[in-house]
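Participant: Sharing a structure with you now.
FYI, it's all coordinate maths here, none of it is from the lab. Given the structure is predicted, the values throughout are model-derived calculations rather than measurements. A quick note on method: Cβ atoms are made from the backbone with ideal geometry, for glycine too, and the neighbour counts reach across all protein chains shown.
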Amino acid sequence: MNNYETVFILTPVLSEEQAKEAVKKFEGEINSFGGKLKHSESWGLKKMAYPIQKKTTGFYFLLEFEGEGDLISRLEVSYKRDERIMRFLTVKMDKHHQEWAEKRKSKRKKAAPSGGKSKPEKAKVATK
């Protein structure tokens, strides 16, 4: 079994509930295709570097999972068929990528112990 990471962008016209429903659908598909979901993360509504389908923002999500190689092709077909997905990228994680992902997850947990949502930092004002 190989480890994979997928980042996809959902269209911004969806409500929060519809976006969560779409993510649950893909989490279920990973499990039904024989994979095992390890981590799921919502990055929220973000501004994109360039417009996609005449939209400048999108809901970003990250899914980390393990599975066989044929799982990826079936999962990507379902991404392409779903009109809520604007873009997606799936990469195979090597050992260095896995170590980095673990560090990132642990930092995120330490920074946001209250339900996984972090508060924006206040700007520091320099005084003389």
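Participant: What angle, in degrees between 0 and 90 and rounded to the nearest 10, separates the Cα long axis of helix 95-111 from the longest principal axis of the Cα atoms of the chain?
Facilitator: 50
Participant: Divide by every residue of the chain the summed helix terms, -39500 (n - 2.57) for each DSSP H run of at least 4, and state the resulting mean residue ellipticity at 222 nm, rounded to the nearest 500 deg cm²/dmol.
Facilitator: -12000 deg cm²/dmol
Participant: Still on this model: Over all directions, how big on average is the projection of the convex hull of the alpha-carbon atoms in the stretch 12-57, in square nanometres?
Facilitator: Computed as one quarter of the Cα hull surface, the answer is 4.0 nm².
Participant: Skipping prolines and chain starts, which residues have an amide H placed within reach, meaning under 5 Å, of the one on K38, given they are 5 or more residues away or on another chain?
Facilitator: E64, F65, E66
Participant: Also, quick follow-up: Beyond 21 Å between alpha-carbons counts as too far, so tell me which of K25/K55; K20/K46; K38/K105 fall in that bin.
Facilitator: Check vs 21 Å cut-off fails for K25/K55.
Participant: Taking H placed 1.01 Å from N in the peptide plane, check which residues at least 5 places from M48 or on another chain put their amide H under 5 Å from its amide H.
Facilitator: Amide H neighbours of M48: T57, G58.
Participant: Here is a follow-up. With all pairs of different alpha carbon atoms counted, what Kirkwood hydrodynamic radius in Å does the stretch 1-88 show?
Facilitator: Every distinct Cα pair counted, the radius reaches 13.2 Å.
Participant: Residue by residue through the stretch 72-77, which ³J(HN,Hα) values in whole Hz follow from phi under the Karplus form 6.51 cos²θ - 1.76 cosθ + 1.60 (θ = phi - 60°), with glycine and proline marked x?
Facilitator: 5, 5, 5, 5, 5, 5
Participant: Within a 10 angstrom radius of the beta carbon, how do H96, H39 rank from fewest other beta carbons to most?
Facilitator: Going from sparsest to densest Cβ surroundings: H96, H39.
Participant: So what J values fall out for the stretch 22-30 if you push phi through Karplus, 6.51 cos²θ - 1.76 cosθ + 1.60 with θ = phi - 60°, rounded to Hz, Gly and Pro as x?
Facilitator: 5, 5, 4, 4, 6, 4, x, 5, 4
Participant: Would you pull out the residues with amide H under 5 Å of M86's amide H, same chain only if 5 or more places away, H placed 1.01 Å from N?
Facilitator: I9, L10, T11
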